[in-house]
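Heads up, the thing below is written out as structure tokens.
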Amino acid sequence: MLSVVFLSYLYTFQVQNIQKFVTFYMILFTSAFIFAIAIADVLHDELNLDYLKAFPLKVQINSKTVIYCTVVAVLTIIFTSIVSGINPITVFTSFSYFLSNITKVMEILGLSISEELFFRGFLFYGVYLYVLLRDLYKYKEIKKIPENRRLFAFIVASIINSIFFAIYHSYVYLFSLSAIESLFIFGLIASFIYYYTDSLWACITFHFFYDLTLFLVTGVI
């Protein structure tokens with residue numbers, strides 16, 4: 001399935017403007033939905049577990065989520081700015097620039113939501129649950145599984161998820177080894193944020209402000 005998504009993504013690069021992104025989003029969301037249904041079947045038929053309880057998308061919005069997203073946004077802007085060699089204050093004071101490029105900003109937002117929904121919301125958590133299937137048979141609930149087993153599943157899911165994330169984007173950077181390494185690290189950080197904040201919104205925030213800062217620096221996404 002991931003191969004089909006990847007090849008389809010390459011194809012959509014030949015299509016321009018809105019058609020490219022509509023096609024891309026449709027492919028990504030459809031693939032994510034199929035992946036979720038497959039995991040849901042295993043959880044329901046094999047383990048008799050409630051899908052939403054065992055495989056949450058973690059998209060609830062509360063005060064903790066707002067705090068997480070705010071902290072992630074600020075740290076992402078500061079870190080990305082420093083790595084890119086610009087003053088973080090430049091990003092914080094560039095709202096007029098972003099407003100004049102609102103189409104690109106919305107494009108970045110759409111990519112952040114769709115990619116995080118698939119890579120962290122479904123792929124990461126799907127692999128995480130797959131590693132824990134034997135434990136779920138025994139304990140029935142993730143929270144009851146020993147911490148060392150959950151940590152092991154987190155490490156495996158993070159690595160696999162980050163590998164696919166890097167490969168998925170490598171075409172854009174002409175398969176540059178340094179770019180693939182950076183994308184792999186990005187995937188690890190996003191997985192860490194998703195797992196320890198327990199919120200997909202925090203991941204989306206990280207992805208959005210990372211790309212937004214790069215857009216300010218390079219003018220491309």
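The values are calculated or read from the model by the stated rules, or taken from the named source; none is laboratory data. As the structure is a prediction and not an experimental result, all values here were calculated from the model. Methodologically, a virtual Cβ is constructed for each residue, glycine included, from the backbone with ideal geometry; neighbour enumeration extends over all protein chains shown.
Screening residue 52 with (1) out of contact with any helix residue (DSSP H, G or I) (no Cβ under 6 Å at 6 or more places or on another chain); (2) at pLDDT below 80; (3) more than 25 Å from residue 142 (Cβ to Cβ) gives one miss only, at (3).
Please indicate, with yes or no, whether at least one residue in region 144-158 is under 15 Å from residue 115 (Cβ atoms), under 18 Å from the mean Cα position of the chain (by Cα) and touching a residue at least 12 places away in the same chain (Cβ under 8 Å). Within region 144-158, not a single residue is under 15 Å from residue 115 (Cβ atoms), under 18 Å from the mean Cα position of the chain (by Cα) and touching a residue at least 12 places away in the same chain (Cβ under 8 Å). Under the condition of being over 12 Å from residue 209 (Cα atoms), modelled with pLDDT of 80 or more and part of a helix (DSSP H, G or I), the residues counted in region 89-99 number 2. Within region 113-126, at least one residue is under 17 Å from residue 198 (Cα atoms), at pLDDT 80 or above and of a type in the set (Ser, Thr, Tyr). Right, residue 206: modelled with pLDDT of 85 or more, more than 23 Å from residue 106 (Cβ to Cβ) and in contact with a Ser or Thr (Cβ under 9 Å, 6 or more places away or on another chain) or not? Taking the combined requirement at face value, the residue does not satisfy it. Summed over region 173-221, the residues that are surrounded by 15 or more Cβ atoms within 10 Å (Cβ to Cβ) and assigned to a loop (DSSP other than H, G, I, E, B) give a count of 1. Does region 108-117 include one or more residues that are crowded, with 21+ Cβ neighbours inside 10 Å, touching a Ser or Thr at 6+ places or on another chain (Cβ under 7 Å) and in contact (Cβ under 8 Å) with a residue 40 or more places away in the chain? For region 108-117, residues crowded, with 21+ Cβ neighbours inside 10 Å, touching a Ser or Thr at 6+ places or on another chain (Cβ under 7 Å) and in contact (Cβ under 8 Å) with a residue 40 or more places away in the chain: absent. The single condition from (1) surrounded by fewer than 19 Cβ atoms within 10 Å (Cβ to Cβ); (2) modelled with pLDDT of 80 or more that residue 141 fails is (2). Residue pairs whose Cβ atoms lie under 7 Å apart, separated by 6 or more positions or on different chains, with the first residue in region 129-141 and part of a loop (DSSP other than H, G, I, E, B) and the second modelled with pLDDT under 80, are 132/142; 140/49.
For region 147-172, which positions are assigned to a helix (DSSP H, G or I) and of a type in the set (Phe, Trp, Tyr)? Working first, answer last.
The initial filter retains those residues of region 147-172 that are assigned to a helix (DSSP H, G or I), namely 147-170.
Passing the criteria: 152, 154, 164, 165, 168.
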